[in-house]
1. Say we look at the range B:243-297 and pick out the residues that are among the acidic types (Asp, Glu) and in contact (Cβ under 8 Å) with a residue 40 or more places away in the chain; which of these is surrounded by the fewest Cβ atoms within 10 Å (Cβ to Cβ)?
2. Are any residues in the range A:285-305 more than 16 Å from A:Glu342 (Cβ to Cβ) and touching an Asp or Glu at 6+ places or on another chain (Cβ under 7 Å), and if so, which ones?
3. Which residue, of B:Arg78, B:Arg105, is basic (Lys, Arg), in the same structural domain as B:Phe160 (by TED's automatic domain parsing) and touching a strand residue (DSSP E or B) at 6+ places or on another chain (Cβ under 9 Å)?
4. Sort through A:Glu140, A:Glu155 and tell me the only one that's free of Cβ contacts under 8 Å to residues at least 60 places away in the same chain, of a type in the set (Asp, Glu) and part of a strand (DSSP E or B).
5. Please enumerate the residues belonging to the range B:88-98 that are touching a helix residue (DSSP H, G or I) at 6+ places or on another chain (Cβ under 8 Å) and among the charged types (D, E, K, R).
6. Select from the range B:367-381 the residues that are outside any loop (DSSP other than H, G, I, E, B) and modelled with pLDDT of 95 or more and write down the one among them that is nearest to A:Glu101 (Cα to Cα).
7. Can you confirm whether the range A:177-197 contains a residue that is hydroxyl-bearing (Ser, Thr, Tyr), at pLDDT 90 or above and on the phi > 0 side of the Ramachandran plot?
8. Check the range B:232-242 and report whether any residue there is touching a residue at least 60 places away in the same chain (Cβ under 8 Å), outside any loop (DSSP other than H, G, I, E, B) and within 22 Å of B:Val177 (Cα to Cα).
There are 2 protein chains.
Amino acid sequence: MNAELLAIGSELLGPLRAETNTLWLTEQLLDAGVSVAARVTVADELALIASALRTALGRAELVIATGGLGPTADDLTREAAAAATGRELHRDPQILERLRERFARYGRVMSETNAKQADVVAGAAPLPNPRGTAPGQRLEVDGRQLFLLPGPPGEMKPMFAAEVLPRLREALGPTAVVRRRVLKIASMPEGEVDQVVAPVYSRFDNPRTTILGSPGQVELHLVAQGGDADEAEAAIARLAAELRQALPGRIYSEDGRDLPAVVLDLLAERGLTVALAESCTGGLLASRLTDLPGSSRVLERGYVTYSNRAKTDELGIAPALLEKVGAVSEAVAAAMAEGARERAKASIGVGITGVAGPDGGTPEKPVGLVFIAIDGAAGSALRRCLFPGSRERIRYQASQYALEMLRRGLLLLPLP
Amino acid sequence: MNAELLAIGSELLGPLRAETNTLWLTEQLLDAGVSVAARVTVADELALIASALRTALGRAELVIATGGLGPTADDLTREAAAAATGRELHRDPQILERLRERFARYGRVMSETNAKQADVVAGAAPLPNPRGTAPGQRLEVDGRQLFLLPGPPGEMKPMFAAEVLPRLREALGPTAVVRRRVLKIASMPEGEVDQVVAPVYSRFDNPRTTILGSPGQVELHLVAQGGDADEAEAAIARLAAELRQALPGRIYSEDGRDLPAVVLDLLAERGLTVALAESCTGGLLASRLTDLPGSSRVLERGYVTYSNRAKTDELGIAPALLEKVGAVSEAVAAAMAEGARERAKASIGVGITGVAGPDGGTPEKPVGLVFIAIDGAAGSALRRCLFPGSRERIRYQASQYALEMLRRGLLLLPLP
């Protein structure tokens, strides 16, 4: 089966924004055994969208369009699908009712423009959208499948998983099975990782390996094919085992979890709580941890102590120490971790202080210099780091490094 | 003039790699006054490429295709362009000679497969490629311009600059200047914004307006054309003025700044400091503010008071109050703002408490319920919000709403 993907929206054709829905869909479809022959992005113009839909339906068995299902005047996908297939649009009273209810639930009155989200192409089945107002639609056109999905990824992805994928699987029957695994490594440069793992993965044709680096993180994407799931999984497991050996202790995740989730789980399993004292990261580490459900069991509290006065008031750091060694120093990082742990009566304290830039750097304390301290009953750790890049990157890498220090420390602690 | 961009190559349809040539071309074309109506990526299949070229030539005045000009069997753009235009391919002896010379220069003999790079569509003008072997081609088809450019960005970009851009500028004359402005609105649903602004912007052909909604934010993208920069700017200014009137006080930025930067600047201009007490947002608001250089002048400190004990220890909230009304309540939000302000001796305190979910909701206090309080010398404000969506979206919208409350409150305060 071959597919064509359509992304609809003038905003996707500006220079500002890369279109990501079709990238995600391509990956999902490849996993299901469907290859993507074309990806098209079109502006919010009725004739253009209709022409793109007609072209796609003329050459692909599966067409998935995302976007243009919203309530505004330039949301034209419904009208274009009707035009491309020579069908009528009718307003679905059930969908209209559900839209009204949804608005009422949030204490708002539905505006008249929103009603067009209840328009359905004749013969199409509406696809429920639990995350948003715009339902999707599924049409069969001369034996080809056309799916209209909403543009926001938070709505599109669950709808694809619930409404499109099961139907594809049914239509395709058993095919070659593809399995993927992502191995994640924190706070190690991409070049260093590659130097270690390239001699390993290049001996394997199956799985194929792709390295993806971003600040503070490297991902190894393993993609294996097999006659069945067991065969594909076994191929992945073989390579993963060798990579684990090549990078002892450094692969922190093979199950999709990101570093904050791994650290949170390690803390929760051990019944430990943590208190954070952040200066240059300014709440970023707290925010990354509290973004996860269940973090309240583990994160006792956090201090964003930007000013020296805050460091003294909240963490009990002596003004004389700040005066003598400066706020960006090993001693202050250690005192922050200790102060946070003691004040909060938490199991572990974390202290981060540094120069995030772009201003404030000196020859002795340049932009990117960050001290990170961990303080716990079982011991303490202190690291001096120099991170490259912009303020945002420095802050992110500092939060990532602190998490990796926590992770490696926690692995040494026994489970209760 | 409107353009359509084609990226040719099966490797561009894999899951991991985003296609970047058309993004770059979009920006170049927009700056030259040409808008891009569609971007298409197709696999290396003759029929597919030919169909994409035919479709593009049927609807755009300018078509630029990149890729598929190499020497291998799956480089099919030349053949497809011939098929799409119903013309012949002939081998150009001059290009062939230059190819042979190029190979000789690097001490290699040209293989027979390379000879196909000398094939030219009848009536096409070859475009020299100083950086590689594959020349480009320029065709006029029924008054429309078709350019075939090589895929490698290092060859494509200089060829665009040398061969495409000057011809575009000549064809467009000195009349096409494009100016853009983005108007940003916080914490107002996209549908509501559109209902108010659609009657305004739809009266304007120039600028054209695109609405972009994301959680907690709506952007109006205005793109104007004019004979010169002044004319384009004036067209933008006229529509922007009407939009400002239609949404009094709600457009928080027209200069690219995001909401945290606007709030930070308002605070700094007034010489005010702020202290944050965050429960459900868990440091996200602090992190968004400290992501900006210069935030240390304004953000005195932040408290992430996740537990009740932390609310009592750090902000002085009476355990009896927490017992009586619960941590998620108007009274506790107000006490958090007050406590943060007093403890930190800051000008303004902010308190945020709510149910971010996915667990912890009750019928009286459902997931998404958030109380936000601002406390300052000039007065205080308190709002009850119910945000839809995931934990991440609820947290983000709460931080955005708090910033918007701060902004609107600060606008009422006189400058020193």
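The values are calculated or read from the model by the stated rules, or taken from the named source; none is laboratory data. Since the structure is predicted, the reported quantities are computational estimates derived from the model, not experimental observations. Using ideal geometry, Cβ is built from the backbone for each residue, glycine included, and neighbour counts are taken over all protein chains shown.
1. B:Glu269
2. Within the range A:285-305, A:Leu285, A:Ala286, A:Asp291, A:Pro293, A:Val304 meet the criteria.
3. B:Arg78 is the lone residue from the list that is basic (Lys, Arg), in the same structural domain as B:Phe160 (by TED's automatic domain parsing) and touching a strand residue (DSSP E or B) at 6+ places or on another chain (Cβ under 9 Å).
4. The unique qualifying residue is A:Glu140.
5. If the condition is that a residue be touching a helix residue (DSSP H, G or I) at 6+ places or on another chain (Cβ under 8 Å) and among the charged types (D, E, K, R), then B:Glu88, B:Arg91, B:Asp92 are the ones that fit.
6. The residue in question is B:Leu369.
7. yes
8. No; the residues of the range B:232-242 include none that is touching a residue at least 60 places away in the same chain (Cβ under 8 Å), outside any loop (DSSP other than H, G, I, E, B) and within 22 Å of B:Val177 (Cα to Cα).
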